Amino acid sequence: MENKKIYWHLPGFYMFFNLNQVIINLMKTKPDLFRDDYAVGSVYGTFPGAIWNGGRAVFGTTQKSVMESVISTYNRAGVPVRFTWTNSLLEEKHVYDTYCNLIMEVANNGKNQVLVNKPVLEEYLKKTYPDFEYISSTTKRITSVDDIKKELERDYKLVVLDYDLNHDEETLKALEPAADRIEILVNEICFPGCPRRKDHYEAESRAQLIFDAGNPFTCHNLKDRPCLAESMKRPAFISADDVAAYADRGFVNFKIVGRGLPPEMAKESYVYYLAKEDKRDEVSRLIESELKKFVRK
């Protein structure tokens with residue numbers, strides 16, 4: 001593999017705040033433990049209770065001072081915060097939500113990003129907050145090469161590939177000229193081609209909009225607690241060693257899933273993908289040691 005910078009996009013900027021701080025700091029202070037030319041490209045997710053959020057419903061609220069602290073901590077480390085504004089049920093009335101606009105105002109410093117999938121919100125955001133980088137979400141379920149190319153012709157920083165296409169050679173070959181603007185999910189726990197994926201996205205979006213998770217979506221495919229070992233069994237999985245082959249073709253943006261999933265899955269995924277193979281045990285121990293410091297505080 002040529003010396004290309006490979007960017008990793010990590011889940012749960014708020015829910016996994018401590019874990020993300022630990023891994024970002026370790027990659028900077030102990031680079032010999034991690035794979036060469038790896039960097040954190042962004043941290044994605046939401047503050048609790050934001051109705052624009054999609055993919056996974058997250059309830060609660062966050063004070064403005066906490067928002068400011070979280071965002072500035074990542075930005076000082078050179079890492080963009082990426083908001084998952086991908087609620088698939090949004091209408092025009094929702095774009096004026098006070099809380100969500102407050103989040104955007106706090107993060108409006110030219111260093112952060114937004115994932116989008118709904119035109120009504122995307123148009124409002126680009127007009128109101130032009131200093132953010134905008135990214136086309138995988139939740140759009142775009143699987144046609146021609147349609148992906150149309151997305152790439154727009155002003156998105158990145159287009160997140162539908163993971164059904166992770167190993168589709170015809171698609172990957174066609175996208176190579178713009179490979180550096182494609183982001184690939186490496187460890188998705190869902191099944192490719194799942195006929196209920198759209199229903200799942202809508203169920204999470206509805207729960208977020210009405211602040212009610214009373215009728216959670218039940219996935220008939222997911223029978224065990226989500227973990228990295230389970231994602232490895234999925235056809236869309238991309239192994240740590242396979243990443244180099246993608247990078248050789250120009251694909252240098254990779255997304256680790258984990259938002260709304262057990263923190264242990266995020267932790268083991270970070271170790272598996274980011275650490276050198278013979279340093280994984282050491283990195284795992286360091287993570288545990290550093291996380292205990294947060295508990296003592």
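Does any residue of the stretch 71-88 turn out to be farther than 22 Å from Thr128 by Cα and surrounded by 18 or more Cβ atoms within 10 Å (Cβ to Cβ)?
Step one: of the stretch 71-88, the residues farther than 22 Å from Thr128 by Cα are 73-74, 76-79.
Subsequent filtering for residues that are surrounded by 18 or more Cβ atoms within 10 Å (Cβ to Cβ) retains 74, 79.
Checking the stretch 71-88: at least one residue is farther than 22 Å from Thr128 by Cα and surrounded by 18 or more Cβ atoms within 10 Å (Cβ to Cβ).
Do you know which of the residues in the stretch 111-135 that are of a type in the set (S, T, N, Q) and more than 14 Å from Ser88 (Cβ to Cβ) is surrounded by the most Cβ atoms within 10 Å (Cβ to Cβ)? So that I can check it myself, show each step before the final result.
The first filter runs over the stretch 111-135 and keeps only residues of a type in the set (S, T, N, Q), leaving 112-113, 117, 128.
Pick out the ones that are also more than 14 Å from Ser88 (Cβ to Cβ) and you get 112-113, 128.
Details: Asn112: 23, Gln113: 21, Thr128: 14.
By that ranking, first place goes to Asn112.
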Select from the stretch 31-43 the residues that are in contact (Cβ under 8 Å) with a residue 40 or more places away in the chain and surrounded by 24 or more Cβ atoms within 10 Å (Cβ to Cβ) and list them in ascending order.
Ser42
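For residues that are at pLDDT below 95 and of a type outside the set (D, E, K, R), scanning just the stretch 243-265, find the one that is nearest to the chain's Cα centre (by Cα). Break it down stepwise before answering.
Quick first cut of the stretch 243-265, residues at pLDDT below 95 only: 257-265.
In the following step, the residues that additionally are of a type outside the set (D, E, K, R) were identified as 257-258, 260-263, 265.
Values: Val257: 6, Gly258: 8, Gly260: 11, Leu261: 12, Pro262: 15, Pro263: 14, Met265: 14 Å.
Going through the qualifying residues, I end up with Val257.
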Across (1) within 21 Å of Gly45 (Cα to Cα); (2) buried (at least 17 other Cβ atoms within 10 Å of the Cβ), Tyr246 clears everything bar (1)
Residues of the stretch 44-57 that turn out to be surrounded by fewer than 20 Cβ atoms within 10 Å (Cβ to Cβ) and either free of Cβ contacts under 8 Å to residues at least 60 places away in the same chain or aromatic (Phe, Trp, Tyr) (or both), as a count
1
Report every pair of residues separated by at least 6 positions or lying on different chains whose Cβ atoms are under 9 Å apart, first residue within the stretch 98-117 and outside any loop (DSSP other than H, G, I, E, B), second acidic (Asp, Glu) and modelled with pLDDT of 95 or more.
Val106/Glu68; Gln113/Glu133; Val114/Glu122; Val114/Glu133; Val116/Glu122
Condition broken by Arg82, with the remaining ones in (1) more than 15 Å from Gly45 (Cα to Cα); (2) touching a residue at least 60 places away in the same chain (Cβ under 8 Å) satisfied:
(1)
Might you let me know whether the stretch 147-160 holds any residue that is under 19 Å from the mean Cα position of the chain (by Cα), more than 24 Å from Ile238 (Cβ to Cβ) and of a type in the set (Phe, Trp, Tyr)?
no
The residue that is modelled with the lowest pLDDT, considering only those in the stretch 231-242 that are among the aliphatic types (A, V, I, L, M) and over 18 Å from Leu161 (Cβ atoms), is Met232
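The values are calculated or read from the model by the stated rules, or taken from the named source; none is laboratory data. These figures come from a predicted structure and were not determined experimentally. Positions of Cβ are backbone-derived with ideal geometry, glycine not excepted, and every protein chain shown enters the neighbour counts.
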